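Contents: one structure, followed by commentary.
The values are calculated or read from the model by the stated rules, or taken from the named source; none is laboratory data. These figures come from a predicted structure and were not determined experimentally. In this analysis, Cβ positions are derived from the backbone assuming ideal geometry, glycine residues included, and neighbour counts consider all displayed protein chains. Just the protein is used for accessible areas: all its heavy atoms, side chains included, with ligands, DNA and RNA removed. Shrake-Rupley method; radii C 1.70, N 1.55, O 1.52, S 1.80 Å.
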Amino acid sequence: PCGELFHWLQGFRAYGQYDRADLIDDRGQVVLSSLPGGPRPSRVVLAAVPQAIRSGELTLVDFYRDEADGLVRLALLVPLIGPSGGAGIPVAVALRINPDAYLYPLVRDWSTPSSTAESLLVRREGDHVVFLSRLREDQHAPLLRRLPLSAGYILAVKAALGETGLVDAVDFRGLPVKGFIAAVPGSEWIVVSRIGLAEIRGG
């Protein structure tokens, strides 16, 4: 019954990991939503559902900007299989993730007080590196701030070009930094941690 399905979808939001849950069919149509009367899921999510259903595998919709509110989100698509191995309408549960709830705080967390140190998520897109998380100096950075790969002296660009481990570079403002770069297994994400050389030297 729809009532039971609705409460089931609402349950995904109970612990704050997901801020909406939708049941979407293989044509990209919303069958049921945990936010009835609210805005439709992002076009990016709706477009990804048919392939997720065909594959039968969990699918991560990587960082995207939601058209409804302009905020950065991710989504996890969970295909559902009917009781007879696919009987009924093929659907997937789309679980929308707000990175501000857990991921961004986890990335930002630094073990000791610092005026310059921070960790970032970036990824390569074509001939640019794109910032996926917020910056200390730019809270609007996710998916908006990008740098050309030709700027190979910048820490984030070095990460996009495949460098790993400890590196000396400059940040996107041109300030000298000591950085550490590590790829996130199973994803296109790269973690970049940095601290200003002036702070290291006590300046």
State the extension gain, in nm to one decimal, for the chain segment bounded by Asp62 and Thr116, taking 0.36 nm per residue of separation less the distance between their alpha-carbons.
-> 16.6 nm
Please find the FRET efficiency linking His128 to Asp69, where r is the Cβ-Cβ separation and R0 is fixed at 30 Å, and quote it to the nearest 0.05.
-> 0.75
Projected onto their principal axes, the Cα atoms of region 12-69 stretch, largest extent first, over whole-Å spans of 27, 22, 22
Rounded accessible area per residue of the chain, 1.4 Å, Å² | 53
Carbon and sulfur: what percent of the chain's accessible surface (1.4 Å probe)?
-> 58
Nearest 0.05, what FRET efficiency do Asp109 and Leu149 give at R0 = 25 Å with Cβ-Cβ as r?
-> 0.30
Sorted by mean Cβ packing within 10 Å, highest first, what order do the peptides 164-171, 129-136 take?
-> 129-136, 164-171
Debye intensity ratio I(q)/I(0), log10, the chain, q values 0.11, 0.13, 0.17 Å⁻¹ (C-alpha model) | -0.61, -0.78, -1.09
In cubic angstrom, how much convex hull volume per residue do the alpha carbon atoms of region 91-203 span?
-> 124
Cβ crowding within 10 Å averaged over residues, with 8-16, 48-56 ranked highest first | 48-56, 8-16
